[in-house]
């Protein structure tokens, strides 16, 4: 008990060298005595590893791996298999040279954590490292293309599941704050954690796409899926993943895309197939029919976050075409379904700014549209902490283009007056002084 108190106090104050001896005494004599042995022990050994070299460093690395084994052995409920194997794999990867490990051995370690306890294998860094090792094995011709694409899909599914979990947490907490209720200390911590997870999963999602890169271009995908189609044509999971991959890599002009979409729709029609049929109808030059399928896709989807994603995707389509009114309608629906994703606010703000010249009646009211754009941009940072900096940058840019204090003074308007903005915006903006 005395040694526990001593090492715990030293470790709290980051005096890891002083903590080492009493910590080892407790660890060796009473390994089940207190979880602090392992929680503090990881920090103590990390310090020792970072401040040693050669054989001594390797010994500390191996002892850290042993400590993780012991932690899981004695406190499995607090340190579940997915977390244990993930931390052990990442530590081994970080010191692969010192431990003499190759890519195949490291991949196997990550794969064990991912396949044996997926719910607790949820660190974004582990997922990125895991997939990066798969790419290295593929490049070394030690992994088949289909195995790489399957692993990409598996990792992507996990990322989407984690994003959904964090989004749901944020949506509940944002709704509470928007309703005027203060968050408890625990809820503030949950909000911070959910935001951090969302930020990091967003980052690795893009990084994993970059890692895959041209390894999954149309020249590779089409022959591969064509070869397997007859054997897999009744495998709905394979069909869905093939459609998603062909779509994401812009292989939609290939006849195979049509074949796979139609096959999936014939055996399992759902929100996803309705959306892709909409794309096919667009390619046929039938926008009215495409719109019908897009709406059907939204109606068939039962998950709010997935429904929000479809609405956002359709918003992007109409945004790119310059149909801003229709785009805003879809973006607004996406925001109602998933308010913690503030990116549609940014897109709406951009559309407002692009329409300034068309939606004002004179120079002052045209520039007043930028107030509306700034107001919309700021909403993004308010509901989505990931976009705080971006939304502020957009807002500052728009405010600089809006009427200045002297412009307001020399106009017929006063601070607080409301200006009706016409055209597709069809809204009011309040006169302010910057």
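Any read-out appearing in this document is the output of simple, stated calculations on the displayed coordinates, not a laboratory observation. All figures in this text were calculated on a predicted structure; none of them were measured in a lab. Neighbour counts run over all protein chains shown; Cβ positions are idealised from the backbone, glycine included.
Computed quantities for the displayed model
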{"read-out": "Cα gyration tensor shape for the stretch 335-434, rounded if a/c is under 1.5, else prolate or oblate", "value": "prolate"}
{"read-out": "Protection-proxy order for peptides 284-291, 22-29, each taking the mean of Cβ atoms within 10 Å per residue, highest first", "value": "22-29, 284-291"}
{"read-out": "Virtual paramagnetic centre 7 Å along Cα→Cβ of residue 404, amide N under 18 Å, in the stretch 339-380", "value": "363-371"}
{"read-out": "Relative contact order (%) - the stretch 211-346, alpha-carbon pairs under 8 angstrom, separation at least six", "value": "14"}
{"read-out": "Within a Gaussian network of the chain (alpha carbon springs, distance under 10 Å), most fluctuating of 54, 315, 342", "value": "54"}
{"read-out": "Cα-based helix-to-principal-axis angle, 343-354 vs the chain, degrees rounded to 10", "value": "30"}
{"read-out": "Residue order, fewest to most surrounding Cβ atoms within 10 angstrom, among 196, 340, 92", "value": "196, 92, 340"}
{"read-out": "The chain: relative contact order in percent, alpha carbon pairs under 8 Å with at least 6 residues between", "value": "7"}
{"read-out": "Global geometry of the chain, whether rounded, prolate or oblate, following the gyration tensor of its Cα atoms and the 1.5 cut on a/c", "value": "oblate"}
{"read-out": "Anisotropy class of the stretch 290-349 from Cα gyration tensor, a/c 1.5 cut", "value": "oblate"}
{"read-out": "The stretch 183-239 - Kirkwood radius from inverse mean 1/r over Cα pairs (Å)", "value": "14.9"}
{"read-out": "Candidates 120, 156, 102, ranked by Gaussian network fluctuation over the chain, Cα under 10 Å, top entry", "value": "102"}
{"read-out": "Ranked list, fewest to most other Cβ atoms within 10 Å of each Cβ, for 369, 222, 155", "value": "222, 155, 369"}
{"read-out": "Mean-position separation - Cα centroids, the stretch 19-83 and the stretch 254-273, in angstrom", "value": "52"}
{"read-out": "Label point distance in nm, residue 102-residue 427, each placed 7 Å from Cα along Cα→Cβ", "value": "6.0"}
{"read-out": "Packing-based exposure ordering (other Cβ within 10 Å, fewest first) of 429, 58", "value": "58, 429"}
{"read-out": "Relative contact order (%) - criterion: Cα under 8 Å, at least six apart; region: the stretch 335-434", "value": "26"}
{"read-out": "Modelled FRET efficiency - R0 22 Å, residue 5 with residue 63, Cβ distances, 0.05 increments", "value": "0.45"}
{"read-out": "Share of Cα-Cα pairs in the stretch 233-333 lying beyond 15 Å, as whole percent", "value": "62"}
{"read-out": "Degrees, to the nearest 10: 145-178 long Cα axis against longest axis of the chain", "value": "70"}
{"read-out": "Span from the the stretch 417-434 Cα centroid across to the the stretch 153-215 one, whole angstrom", "value": "34"}
{"read-out": "Segment residue 219-residue 146, extension gain: residue separation times 0.36 nm, minus the distance between their alpha carbons", "value": "24.9 nm"}
{"read-out": "Gain on full stretching of the segment that runs from residue 199 to residue 78 - 0.36 nm per residue minus C-alpha separation", "value": "41.0 nm"}
{"read-out": "Helix 287-300 vs. the chain, principal-axis angle (Cα, 0 to 90°, nearest 10)", "value": "50"}
